[in-house]
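Q: Please find one structure pasted underneath; my questions will follow.
The values are calculated or read from the model by the stated rules, or taken from the named source; none is laboratory data. Being a predicted model, the structure only gives us computed values, none of them experimental. As a convention, Cβ positions derive from the backbone with ideal geometry for all residues, glycine included, and neighbour counts pool all protein chains shown. For the accessible areas, the whole protein counts, side chains as well, though only heavy atoms, and no ligand, DNA or RNA atoms are used. Shrake-Rupley method; radii C 1.70, N 1.55, O 1.52, S 1.80 Å.
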Amino acid sequence: MLDVATPDAERVTPPLPPPRAAGDALADALAATIETVAAAVADPDPVEMVHDARKAMKQYRALLRLIPGEDAKAERRRTAEVARQLSGARDQVAARDALDVMAKGGFLLACDQTDAEGVLGEDTAEDGGEHRATLGGFLVSARAALADTLAAQAREADVTKGLVKAYRQARRAPFDTPEDMHEARKRVVTHRYQMSFLAEAFGHGAKRARAAQRLRDLLGAYQDIETLRPMLDAAGDALAEGTRERLGLAMDRAQKRLRKRALRQHAALFRRSAKAFRDSCRERVGAASN
């Protein structure tokens, strides 16, 4: 049989998916993310439990940003507060990660890394029982909020509009100060998880999600060094003066390089205008009102 091309005038353009289809996918994704937290709670390793739960809660908050209104905003705030309660030894981990990044980047002498690790002290053990109870309470509340209001609101949400809003915020993120860098990281994290949602629900966005994750890693390494700074300052005379000076120089140089790389990746990832990004989303998700 001959393969006869359909004339342009006779081609049928497939209709855009209705807005409710995206909302249904969002409601399902919220439920699945809550259950990811539940799976983390079942992990007997308290460190892995906290790590996996906090990661899932970041995704949950990113998805909640696609729902307008006070209910979703209140749930985001509550989730953030629970995540803070789980932080525990996170600063210790971040500080040691910062030292590793600087060492691998060639900014740090091995002896200075050893001295810095010595003043940081031992890792603080996570309180598995307390954290498990905290997460258990979170799960009860999150499931109730989803059933009572959020699932219905998700189904009615203009998902494309929410995706574009987060894209625009991440695109406009400043990089001038450490505080700006921290804020930029949060915006990139939101975009990354929303793109993962788009990829899973509509088969579009996986490449952007991976690129956003790489940018997130750079910004995270920069923030880890910011966490390390006051911890080394607090060590006082426990570090020799020359060691303190070399560590300070290493932190400055490493952050300068991380910022430069982050700016380059950010410019590439967000080179398109918000309007162009919106048009791309509309092809997969449905028409937005903005």
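Q: Once the whole set of protein chains is in place, how much accessible area is left on Arg77, using a 1.4 Å probe, in Å² to the nearest 10?
A: 130 Å²
Q: Under 11 Å from the 7 Å Cα→Cβ point of Asp24, by amide nitrogen: which residues of segment 270-286?
A: none
Q: Taking 0.36 nm per residue of separation and subtracting the Cα-Cα distance, what length does fully extending Lys207 through Glu130 add?
A: Numbers: separation 77, 0.36 × 77 = 27.72 nm, distance 3.80 nm.
Result for the pair: 23.9 nm of gain on full extension.
Q: Between Glu35 and Glu226, what is 0.36 nm times their sequence separation minus the Cα-Cα distance? Round to one decimal in nm. Walk me through the intermediate numbers first.
A: On the way: separation 191, 0.36 × 191 = 68.76 nm, distance 3.28 nm.
Extra length from Glu35 to Glu226 when fully extended: 65.5 nm.
Q: From the C-alpha gyration tensor of segment 146-263, pull out the three semi-axes of the equivalent ellipsoid (sqrt of 5λ each), sorted largest to smallest, in whole Å.
A: Details: eigenvalues 287, 49, 26 Å².
Result for segment 146-263: semi-axes of 38, 16, 11 Å.
Q: Please list the helices of the chain that count as membrane-span-like by this rule: a mean Kyte-Doolittle hydropathy of at least -0.5 together with Cα atoms stretching 24 Å or more along the helix axis, each helix being a complete DSSP H run.
A: Values: long enough: 19-41 (34 Å, 0.87); 46-64 (26 Å, -0.43); 128-145 (25 Å, 0.17); 178-202 (35 Å, -0.75); 206-235 (43 Å, -0.45); 241-269 (41 Å, -1.09).
Within the chain the helices that satisfy the rule are 19-41, 46-64, 128-145, 206-235.
Q: Right, next: Using 0.36 nm per residue, how much length does the chain from Glu81 to Asp237 gain when fully extended, once their Cα-Cα distance is taken away?
A: So the extension gain works out to 52.6 nm.
Q: When the dipole is taken about the Cα centre of segment 127-227, and only Lys, Arg (+1) and Asp, Glu (-1) are charged at their Cβ, what size is it in debye, to the nearest 20? Could the numbers behind the result be given before it?
A: On the way: 17 positive and 13 negative charges, 129 e Å.
I would put it at about 620 debye.
Q: Mind scanning Lys186/Lys207; Lys104/Lys165; Lys161/Lys186 and naming the pairs with a C-alpha gap bigger than 27 Å?
A: Details: Lys186/Lys207 19 Å; Lys104/Lys165 37 Å; Lys161/Lys186 19 Å.
Listed pairs above 27 Å: Lys104/Lys165.
Q: Next question, about the same structure. Normalised by the empirical 2.2 N^0.38 Å for globular proteins, what value does the Cα Rg of segment 103-192 take? Can you show the working numbers first?
A: Details: Rg = 21.0 Å, N = 90, 2.2 N^0.38 = 12.2 Å.
Segment 103-192 yields a ratio of 1.73.
Q: So if I take the centroid of the Cα atoms in segment 212-263 and the same for segment 41-115, what is the distance between those two points in Å?
A: Comparing the Cα centres of segment 212-263 and segment 41-115, I get a distance of 17 Å.
Q: If you don't mind, another one. Under the √(5λ) rule applied to the eigenvalues of the Cα gyration tensor, what semi-axes describe the equivalent ellipsoid of segment 70-228? Give them in Å, descending. It would help to have the intermediate numbers written out before the result.
A: Values: eigenvalues 219, 106, 33 Å².
Working from the Cα gyration tensor, I get semi-axes of 33, 23, 13 Å.
Q: Excluding same-chain residues fewer than 8 positions from Lys58, which aspartates and glutamates have a Cα within less than 13 Å of its Cα?
A: Of all the aspartates and glutamates, those that pass the test against Lys58 - Cα under 13 Å, at least 8 places apart if same chain - are Glu75, Glu81.
Q: Using all C-alpha to C-alpha distances in segment 180-238, build P(r) with 10 Å bins and read off the rounded percent in each one.
A: 23, 36, 21, 12, 6, 1
Q: How many percent of all Cα-Cα pairs in segment 18-74 sit more than 20 Å apart? Intermediate results must be reported in sequence, preceding the final value.
A: On the way: 515 of 1596 pairs.
Roughly 32 percent, rounded to a whole number.
Q: Next up: What is the calculated FRET efficiency for Arg143 to Asp97, with r their C-beta to C-beta distance and R₀ = 25 Å, to the nearest 0.05? Don't skip to the end; give the middle numbers.
A: Values: r = 33 Å, r/R0 = 1.33.
Computed FRET efficiency for Arg143 and Asp97 comes out at 0.15.
Q: Same structure again: If we count every other residue with Cβ under 15 angstrom of Arg77's Cβ, Lys/Arg +1 and Asp/Glu -1, where does the sum land? Don't skip to the end; give the middle numbers.
A: Values: positive: Lys58, Arg61, Arg65, Lys73, Arg76, Arg78, Arg84, Lys186; negative: Glu70, Asp71, Glu75, Glu81.
Its environment carries a net charge of +4.
Q: Now for a separate question. Taking a probe of 1.4 angstrom, what is the accessible area of Ser141 in Å², to the nearest 10?
A: Accessible area, nearest 10 Å²: 40 Å².
Q: Radius of gyration and Dmax for the chain's Cα atoms, expressed in Å?
A: Both quantities, over Cα of the chain: 22.4, 85 Å.
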